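To start, the structure itself, in structure tokens.
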Amino acid sequence: MASRNLRAHFPRATTYDPQWVQQHSMGENVLFNLESLTEKIKLKPGMRVLDLGCGKAISSVFLATEFGVQVWAVDEAISATENLERIKEGKVEDKVFPIQADARALPFPENYFDAVMVVDSYTYFGTDEKYLPYICRFLKPAGVIAIADVCFTREIETLKQVPPFLRKDFQHYWYFIHSIAWWKKLWEKTGLVEITCAEELPGKELVRKEYVRYYEDNPKKDAFARALMQDKEQLISFFRLIGRRTSQEAYLQSYKK
């Protein structure tokens, strides 16, 4: 059973079977991070939501169940057939539509979604300066893009700044992790979104603790858990970044300021 502290921070996510969640999470508890995003977004029944990089689609099940939205569950690595089975288990096959596709080659019309939500995967493709302009094409005017992911509490700009506990894996994984300030600058300079939230997750310590707890008996199984255990300076954290798509008029006006 979830602790009182976990239930207070994540009242929706903690109602789901923790074994089912952990079995189908490709990283830390995906529902904790997702609930941290939904606190800041007004989701209404019938809205179209793109759950990009959905993994095993439990985030999509959560969105459809909790908010009654229509969800397109997109992931490159997990087949749509596999995800459909989990969607059926969640009894939301009338609201969640699984698709296997590359995040850079999406099969949707422009101005289609009310919200694009990306949990624990945006860092794999979104560091490209061209990506935000690409994904914003699929958002309706005033639509929302929201990500929750891993961040650093300070930017690492040179190899000399990499702490010893990250050096072994840095060039294979950690090199594309950035600070919140870095992400905010990347988005702001496009003029395509108005940033409404850019901060560490309020429940970041709980997310961290729960991730480590799951792997603490055998940290060798997971490099990320091992890094969290060795991170004495709290360099690694979790953040949420939310932007609202600006109108064409606002975009053009940004050039005049």
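The values are calculated or read from the model by the stated rules, or taken from the named source; none is laboratory data. Because the structure is a prediction, the values reported are computed rather than measured. In this analysis, Cβ positions are derived from the backbone assuming ideal geometry, glycine residues included, and neighbour counts consider all displayed protein chains. Ligands, DNA and RNA are excluded from the accessible area calculation, which covers all protein heavy atoms including side chains. Shrake-Rupley method; radii C 1.70, N 1.55, O 1.52, S 1.80 Å.
Show the residue pairs meeting these rules: Cβ distance below 9 Å; 6+ apart or different chains; first residue within segment 115-131 and closer than 15 Å to ILE180 by Cα; second residue modelled with pLDDT under 95 and acidic (Asp, Glu). Qualifying pairs under 9 Å: ASP120/GLU28. Of the residues making up segment 13-25, those that are surrounded by fewer than 16 Cβ atoms within 10 Å (Cβ to Cβ) and outside any helix (DSSP H, G or I) number 1. ILE156 meets the conditions (1) assigned to a loop (DSSP other than H, G, I, E, B); (2) open to solvent by 40 Å² or more (accessible area, probe 1.4 Å); (3) closer than 20 Å to ARG226 by Cα in every case but one. The failed one is (2).
Of everything in segment 184-199, what is open to solvent by less than 70 Å² (accessible area, probe 1.4 Å), under 13 Å from ILE147 (Cβ atoms) and not hydrophobic (A, V, I, L, M, F, W, C)? Give them in sequence order. The answer is GLU199, and nothing else.
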